[in-house]
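Participant: Here it is, the structure, as structure tokens.
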Amino acid sequence: MKPFIIYLPILGLTFVGVSFFFTEMSWGNIAHSFGLATLRLWLMISMMAFYLISQNRIYFIPALRSIRFQLGLKGKWSENLLLFIEMIFRFSPGIQMEWNQIFRGKKALGFSEPQTRFEKIKMFSGVLPYFLHNSLLQSEQMTRVMKLRGYGKQFPRGVYPFHPLKSIDFIVFILLILFNGLFQFYGTL
């Protein structure tokens, strides 16, 4: 929610500025278009968040890889991006758990919780070097294991499992595009 709250005013000012200076739209039309754009952005973010929360994360990356493979997109940068996202999904729960264990350990040892913002910053700055050092050691170990397994020597990397798109998937894509087109054309439903 925080990125939406931060970026919405920036996008709004940009949208209103571009609409005012480069089009001949009235203020009412600009406000109406901005409202519809905000609604579309909010719906898109909500649907993406719902999908990521409701679906198991282990199926998300293979689905992206399958779509990439089915569309015939090639390039090392896209595969590296998918690998980066997969590593984030795989290791973020462990990093979060380790971070929580550090603070539970401090609490169990009898250290008082910080009350002011400055005390919190001071405590975080004391824990952060240990945490970063430990994370770097883990990433070096992961890199060593990947090199020993020969990962990255052959490009393109194999995609397993491959989930081919079915006709129902194309129907859903077409319906989404039609729905979006109608929403763009008519403005409201």
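The values are calculated or read from the model by the stated rules, or taken from the named source; none is laboratory data. Keep in mind the model is a prediction, meaning the values are calculated, not measured. Reconstructed Cβ throughout: ideal geometry from the backbone, glycine too, with neighbour counts over all protein chains shown.
Participant: Is it fair to say I88 is under 24 Å from Y59 (Cβ atoms) and not acidic (D, E)?
Facilitator: Working: under 24 Å from Y59 (Cβ atoms): yes; not acidic (D, E): yes.
So I88 passes the test.
Participant: Quick check on segment 57-115: of everything there that is of a type in the set (S, T, Y) and part of a helix (DSSP H, G or I), which residue is nearest to K166 (Cα to Cα)? Talk me through it step by step, then tell me what you get.
Facilitator: Within segment 57-115, the subset of a type in the set (S, T, Y) is 59, 66, 78, 92, 112.
Narrowing further to those that are part of a helix (DSSP H, G or I): 59, 66, 78, 92.
Details: Y59: 17, S66: 12, S78: 23, S92: 32 Å.
Looking at the filtered set, the residue picked out is S66.
Participant: Further, regarding this structure: Which residues, taken from segment 133-164, are modelled with pLDDT under 75 and among the hydrophobic types (A, V, I, L, M, F, W, C)?
Facilitator: F155, V159, F162
Participant: Follow-up. Which of the residues spanning segment 104-129 are at pLDDT 80 or above and either outside the structural domain of E140 (by TED's automatic domain parsing) or aromatic (F, W, Y) (or both)?
Facilitator: If the condition is that a residue be at pLDDT 80 or above and either outside the structural domain of E140 (by TED's automatic domain parsing) or aromatic (F, W, Y) (or both), then F111, F118 are the ones that fit.
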